[in-house]
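The values are calculated or read from the model by the stated rules, or taken from the named source; none is laboratory data. All figures in this text were calculated on a predicted structure; none of them were measured in a lab. Virtual Cβ from ideal backbone geometry, glycine too; neighbours counted across all protein chains shown.
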Amino acid sequence: MPRDDAGASRREFLRRIAPVLPAALAACGWDGGPRLQPVFDRVIAANNALGERLQALRQAEAPPHQVLKGEMPSYFISPTMPVLEDPAAWRLEVGGLVRRPTAFTAEVLAALPHIDYRVTHHCVEGWTAVAPWRGVPFATIAGLVDPLPTARYVRFDSFDNGYYNGWDLASAMHPQTILADGQDGQPLSARHGGPLRLYSPIKLGYKLTKYLTRVTFTDRKPGGYWEDRGYPWFAGL
Amino acid sequence: MSDSSHAEAAAEAPPPVRRRHHGVVRLTHWLNAVFLTGMIASGLQILVAFQHFGSKNAVLGVFNPFDRDRIGQIPEVVRLGGWLAAGLRWHFTLAWPFVLTGLLYAVFLAASGEWRKLVFRPRDLPGALEMVKYYLRIRKDHPPQGKHNPLQKGAYSFAIALGVLSVLTGFAIAKPVQLAPLTALFGGYELARYWHFVSVWCFTLFTLGHVVMVFVADPASLRAIITGRYRGRFPDAP
């Protein structure tokens, strides 16, 4: 009898796990269901908090010039490329919890001090691309509108079919977070979110709102187009 | 029962039952089996969003048998989550218990001294070659061994190294700016992502070999990793 013991326990083991196997296979498209989703929410909130702590540490460096990387793909959610009907009427409305709400024209923005950098763009899908960017640091705009101490988040709205993003204020104030009006030495094209888009090397691409229309300082955490559909909210790199 | 049959039974008696694996080893082994499976399946879900390495129109020239252009999309049956966002939620949730299980195991190995029976060292190389000869039937008799033979030590040490590689490359691609020195260590984001998936291929190969060897070489070890009790032919000494 002892000789057979290992075999018996093996058969027993296989018998026990057999009913679970089809369930395990069926689980492949499984997003966790109502039981696990709250667990994911809590762990990912902790990940976000950890990301916010790390954020202050570093700025992105330019990748070496010899690194071969593809050009930036064009992306928007509208059925066709969003283009302003009347570019002269465009304004960037900056408001919410600020002392001096302001509507910036393209000319006023163009006259503000700009910074330039060349950084790697990271898409949540896993690809990268490199482009030189030019824009006004978000912190400069914040200085002009003077946010109230209660402002904790920033909401960025666009004219791309309701696409929007919510950011924590610290990430928005990062020295490399800019409102970009230039790319590749040219004015920002409509293909890439012109006339003005958010850019920063410290966030995944979907956080970088294109076709900007409005910036709102707020004390309530805004969601985001993809974030509301389950993508990470913090998305810090 | 006659005396002679007694003597026969004694000669053919299986080795006595011994305690082989500590509860921590058994617990972390099976937790790891679950978490690693989940990490790989959700990782494959994330991979299919861009089943290449590099940039969209400048794909890295690395050895990649599982490129989308070669094998098509990785089948849904081995993916977990159903779409990219759900895959990411699984992956970034399971990552923590996966790391904690690995740390618990590492602490146990170090504290118990068990690592001496497990970690492959240069002096194990000749013994590992003897085991290869044995499996290739160049050598007839099984070389004497302790709890694990030198080839097993190599395989288990390799699996532990894979765990370390997968975690470090995982952090490197999750935070390529804030952890830039770590990412640079693996040759930058795109290559770190590549090594992250190389670790998946190696984990899969290791697991296949591991499971085959359990049944071929030492079926009694399956009971040992579940209940801790072992009635196999190999000793417990180092």
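Structural remarks
- A:Ala131 vs. criteria in the same structural domain as A:Lys221 (by TED's automatic domain parsing), surrounded by fewer than 20 Cβ atoms within 10 Å (Cβ to Cβ), within 30 Å of B:His52 (Cβ to Cβ) and of a type in the set (A, V, I, L, M): yes
- All of A:Leu237, A:Leu169 fail the test of being farther than 17 Å from A:Asp116 by Cα, touching a Pro at 6+ places or on another chain (Cβ under 9 Å) and not assigned by TED's automatic domain parsing to the domain that holds A:Ala111, apart from A:Leu237.
- The sole residue among B:Ile226, B:Ile173, B:Ile160 that is among the β-branched types (Val, Ile, Thr), at the interface with chain A (Cβ under 10 Å from one of its Cβ atoms) and under 19 Å from B:Asn32 (Cα atoms) is B:Ile226.
- Annotation: A:Gly143 fulfils all but one of (1) over 17 Å from A:Lys210 (Cα atoms); (2) part of a helix (DSSP H, G or I); (3) assigned by TED's automatic domain parsing to the domain that holds A:Ser189; (4) touching a residue at least 24 places away in the same chain (Cβ under 8 Å); the unmet one is (4).
- For first residues located in the stretch A:112-125 and surrounded by 18 or more Cβ atoms within 10 Å (Cβ to Cβ), partners that are assigned to a loop (DSSP other than H, G, I, E, B) and lie 6+ apart or on another chain with Cβ distances below 6 Å form the pairs A:Val119/A:Ala60; A:Val119/A:Pro201; A:Thr120/A:Pro63; A:His122/A:Leu204; A:His122/A:Leu237; A:Val124/A:Leu204.
- Residue in the stretch B:60-68 that is surrounded by 18 or more Cβ atoms within 10 Å (Cβ to Cβ), in contact (Cβ under 8 Å) with a residue 24 or more places away in the chain, outside any helix (DSSP H, G or I) and more than 10 Å from every other protein chain (Cβ to nearest Cβ) present: yes
- Within the stretch B:171-205, the residues that satisfy the criterion of being surrounded by fewer than 16 Cβ atoms within 10 Å (Cβ to Cβ) and hydrophobic (A, V, I, L, M, F, W, C) are B:Ala184, B:Leu185, B:Trp201, B:Leu205.
- Residue selected from the stretch A:145-167 under the condition among the aliphatic types (A, V, I, L, M) and surrounded by 15 or more Cβ atoms within 10 Å (Cβ to Cβ), by the criterion nearest to A:Lys203 (Cα to Cα): A:Val154
- Once the stretch B:26-51 is narrowed to residues that are among the polar types (S, T, N, Q) and assigned to a helix (DSSP H, G or I), the residue that is nearest to the chain's Cα centre (by Cα) is B:Asn32.
- Of residues in the stretch A:193-237 being outside any loop (DSSP other than H, G, I, E, B) and among the charged types (D, E, K, R), the one farthest from the other protein chains (Cβ to nearest Cβ): A:Arg214
- One residue stands out in the stretch B:93-142 among those that are within 14 Å of chain A (Cβ to nearest Cβ) and crowded, with 20+ Cβ neighbours inside 10 Å: the one that is farthest from B:Leu165 (Cα to Cα), namely B:Thr93.
- Of all residues in the stretch B:25-54, those that are within 23 Å of B:Leu191 (Cα to Cα) have Cβ atoms under 6 Å from Cβ atoms of residues that are of a type in the set (Asp, Glu) and buried (at least 19 other Cβ atoms within 10 Å of the Cβ), 6 or more apart or on another chain, in B:Phe53/B:Glu190; B:Gly54/B:Glu190.
- All told, B:Val211 falls short of being in contact (Cβ under 8 Å) with a residue 12 or more places away in the chain and part of a helix (DSSP H, G or I).
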